[in-house]
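Read through the structure below, which is laid out as structure tokens, and then see the notes.
Throughout, read-outs are computed from the coordinates displayed, never taken from laboratory work. The shown structure was predicted, so the numbers you read here are calculated from the model rather than taken from an experiment. Virtual Cβ from ideal backbone geometry, glycine too; neighbours counted across all protein chains shown.
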Amino acid sequence: MGGGKHVAVLLGGFSSERPVSLSSGNACADALEAEGYRVTRVDVERDVSARLADLKPDVVFNALHGPFGEDGTIQGVLEYLQIPYTHSGVMASALAMDKSRAKTVAAVAGVPVAASLVLDRFAIAGEHPMEPPYVVKPVREGSSFGVVIVKEDQAHPPQIVTSSEWRYGDEVLVERYIHGRELTCGVMGDTALGVTEIVPLGHSFYDYDSKYATGGSKHVIPAEISPNLYQKIQILALRAHQAIGCRGVSRSDFRFDDRFSEEGELIWLEINTQPGMTPTSLLPEMAAHAGYTFGEFLRWMVEDASCSR
């Protein structure tokens with residue numbers, strides 16, 4: 001079993017993804033206790049380094065999501081404290097969180113990405129920055145926060161992006177909208193897991209509500225696609241994981257547009273270095289499909305933890 005290892009599970013935090021992190025973190029903490037580890041739950045506040053220095057855990061299991069938790073910041077704290085931790089290190093975390101730079105690196109590695117621009121949000125007030133349909137998203141946010149889809153027939157750019165209600169920073173990514181099916185593939189170490197299709201139920205795209213609300217979307221694993229496409233997605237997910245320098249687990253999201261040809265167009269959207277980790281989340285489902293119980297999957301992550309990631 002856990003061999004008495006003391007695991008500190010970092011959860012909560014103060015990003016907009018706090019609720020997701022709490023459910024991920026508590027699910028992981030429960031399962032790690034069941035695996036025989038000694039677990040301390042740490043709801044992350046600004047004093048996290050002092051708390052960890054006092055606790056002196058053998059391993060930190062990072063169940064944080066969003067800024068501070070997955071952008072290289074907490075990873076830097078853990079490197080400084082020399083506590084082995086799960087998931088990606090400082091550089092890969094920061095790079096993956098910056099959607100635009102992550103795309104640049106992935107594209108160089110031969111991963112197909114959508115045409116995009118990075119603009120100041122006020123630059124899109126007057127006219128469309130590109131021919132609709134396109135998507136406007138924050139350069140650095142997770143969980144589909146702040147994602148705005150501009151349809152073909154919209155006469156003006158989205159007003160919300162230039163309004164005072166916009167809370168996601170002044171730099172935005174404007175990206176060609178990719179029609180089609182939403183496919184995602186996890187990576188565990190140096191192995192691609194299965195490919196899942198996310199079928200939204202009653203939502204036009206996989207937004208925050210359909211991600212986390214029950215019944216908001218259906219996960220189909222293995223995705224019902226051709227064996228060629230299935231394998232291609234696995235190869236590209238692993239390639240993106242390695243090019244960006246991820247460690248432990250990650251999940252890459254894709255769009256597949258087969259309206260005009262059977263071969264279709266496959267586009268990599270982004271990589272997630274801190275995917276949701278409840279038993280019904282996409283990545284644990286992929287691990288289950290590969291034969292790992294939730295506990296075994298988490299045990300693998302704890303035993304994989306290190307510094308200098």
Q | Computed over the chain, Cα set: Rg, Dmax in Å | A | 19.3, 62
Q: Would you mind working out the magnitude of the charge dipole of the chain relative to its Cα centre, with +1 at each Lys and Arg C-beta and -1 at each Asp and Glu C-beta, to the nearest 20 Debye?
A: 520
(Q) Test of understanding: what is the full-extension gain from ASP47 to ASP153, defined as 0.36 nm times their sequence separation minus their Cα-Cα distance? (A) 33.2 nm
Q.
Using the crude model of +1 on Lys and Arg Cβ and -1 on Asp and Glu Cβ, and no other charge, please compute the dipole size for the stretch 1-114 relative to its Cα centre, in debye to 20.
A. 200
Q: Once you've got the GNM for the chain with C-alpha springs shorter than 10 Å, pick whichever of ARG167, ARG101, ARG255 has the biggest mean-square fluctuation.
A: ARG167
Q: Select from ALA240, ALA223, ALA192 the residue whose mean-square fluctuation is largest in a Gaussian network model of the chain (Cα-Cα springs shorter than 10 Å).
A: ALA223
**Q.** Alpha-carbon centroid distance for the pair the stretch 147-202 / the stretch 69-94, whole angstrom
**A.** 26
(Q) Is the C-alpha gyration tensor of the stretch 125-188 telling us rounded, prolate or oblate? Criteria: a/c under 1.5 is rounded; beyond that, a/b larger than b/c is prolate, otherwise oblate. (A) oblate
Q) Two-decimal Rg/Rh of the stretch 253-292 from alpha-carbon positions, Kirkwood Rh? A) 1.14
Q) Which ordering of MET301, MET97 is given by a fewest-first count of other beta-carbon atoms within 10 Å? A) MET301, MET97
Q. Cα-Cα over 28 Å: which of LYS99/LYS218; LYS56/LYS103; LYS5/LYS218; LYS5/LYS99; LYS103/LYS232; LYS56/LYS137?
A. LYS56/LYS103; LYS5/LYS218; LYS5/LYS99; LYS56/LYS137
Q) Relative contact order (percent) for the chain, with alpha-carbon contacts under 8 angstrom and 6 or more residues of separation? A) 21
Q. Label points 7 Å out from Cα along the Cβ direction at GLU127 and ARG38: separation in nm?
A. 6.7
Q.
Per DSSP helix of 4 or more residues, -39500 (n - 2.57); summed, then divided by the residues of the chain. What does that give at 222 nm, rounded to the nearest 500?
A. -9000 deg cm²/dmol
Q) What whole number of Å gives the distance from the Cα centroid of the stretch 228-273 to the Cα centroid of the stretch 107-121? A) 14
Q | Mean separation of Cα contacts under 8 Å, 6 or more apart, over the residue count of the stretch 116-176: relative contact order % | A | 53
(Q) List the residue ranges in the chain for DSSP H helices whose C-alpha atoms run 20 angstrom or more along the long axis and whose Kyte-Doolittle average is -0.5 or above. (A) 18-34, 227-244
Q) GNM on the chain, C-alpha springs below 10 Å: top fluctuator among THR162, THR184, THR273? A) THR162
Q) Once you put a point 7 Å from the Cα of VAL220 and another 7 Å from the Cα of ARG101, both along the Cβ direction, what distance in nm separates them? A) 3.8
Q: Subtract the Cα-Cα distance of TYR80 and HIS289 from 0.36 nm times their separation in residues, and report this length gain in nm to one decimal.
A: 71.6 nm
